[in-house]
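Report on the structure given below.
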Amino acid sequence: MAPSLAGVHHLKLPVSDLSAGIAWFETALGARRLEKFDHCHPDGTLFGVIMMLPGVAIPVELRLNPLAATAIAGFDPVTLGVDGVEGLRRWAAHLDEVGVEHSPIITGFIGHLIEFRTPDGLCVRIYTNPPNGFAHAHMRSPHDLV
């Protein structure tokens, strides 16, 4: 039996342009950069930053890696949660306000979601959390989504 874990330490997402990634995460998701955790090469060149997203307890690292960012364009490595469709409506209104294109509210396998893209094309999804947790959630059939 494997030893237990104490949760997720941080998420790491590749970006092709660190400044553009920081600006986008601040504008689109309200992220706040924790400059005391900046990652720099010995010559002082910045290659990674730690960001905190409102309502998310774990940090997100943006790591300068253009090859990885290009390779996973279109992929959705992390899905953020909100409570209820009204939460999605508020996010859609916010994204409209800051000029980030997004999908309409979509019916998903477990709940509803919206999706949008980072400047590198990484797909970000915001999904409704199951009201009584995942243990009690019902997964829709793919036929129910058509």
Q. Build a GNM of the chain with springs between Cα atoms under 10 Å: which of Ala92, Ala68, Ala28 gets the top mean-square fluctuation?
A. Ala68
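Computing the accessible area with a 1.4 Å probe over protein heavy atoms, can you report the carbon and sulfur percentage for the chain? Walk me through the intermediate numbers first.
Values: 5280 of 9090 Å².
Roughly 58 percent of what the probe reaches on the chain is carbon or sulfur.
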Q) Tilt of helix 18-29 relative to the longest C-alpha principal axis of the chain, in degrees (0 to 90, nearest 10)? A) 30
Q: May I ask you to derive the FRET efficiency for Arg33 and His136 from their Cβ-Cβ distance with R0 = 30 Å, giving the value to the nearest 0.05?
A: 0.20
Q) To the nearest 0.05, what FRET efficiency results for Thr45 and Ala93 with a Förster distance of 41 Å applied to their C-beta separation? A) 0.60
Q. Amide H to amide H under 5 Å from Gly108: which residues, 5+ apart in sequence or cross-chain, H placed 1.01 Å off N in plane?
A. Leu113
Q. When the chain is treated as a GNM, springs tying every alpha-carbon pair under 10 Å, which of His136, His39, His102 comes out with the largest mean-square fluctuation?
A. His136
Q) Which entry is the computed Rg and Dmax of the Cα atoms in Å for this structure: [x] 14.7, 43; [y] 29.0, 83; [z] 16.8, 55? A) [z]
Q | Helix axis angle, 84-98 relative to the chain longest principal axis, alpha carbon, degrees | A | 40
Q | Formal net charge of residues neighbouring His10 (Cβ-Cβ distance under 15 Å; K, R +1; D, E -1) | A | +3
Q. Mind checking which of Arg90, Arg125, Arg63 has the largest fluctuation in a GNM of the chain, springs on alpha carbons under 10 Å?
A. Arg90
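Using a probe radius of 1.4 Å on heavy atoms only, what accessible surface per residue do you get for the chain? Whole Å² is fine. Walk me through the numbers on the way to the answer.
Values: 9090 Å² over 146 residues.
Dividing the accessible area of the chain by its residue count gives 62 Å².
The values are calculated or read from the model by the stated rules, or taken from the named source; none is laboratory data. Bear in mind that the values here come from a model prediction, so they are computed numbers and not experimental data. Every residue, glycine as well, gets a Cβ built from its backbone with ideal geometry; the counts of neighbours run over all protein chains shown. When the accessible area is computed, the model is the full protein with side chains, heavy atoms only, and any ligands, DNA or RNA have been set aside. Shrake-Rupley method; radii C 1.70, N 1.55, O 1.52, S 1.80 Å.
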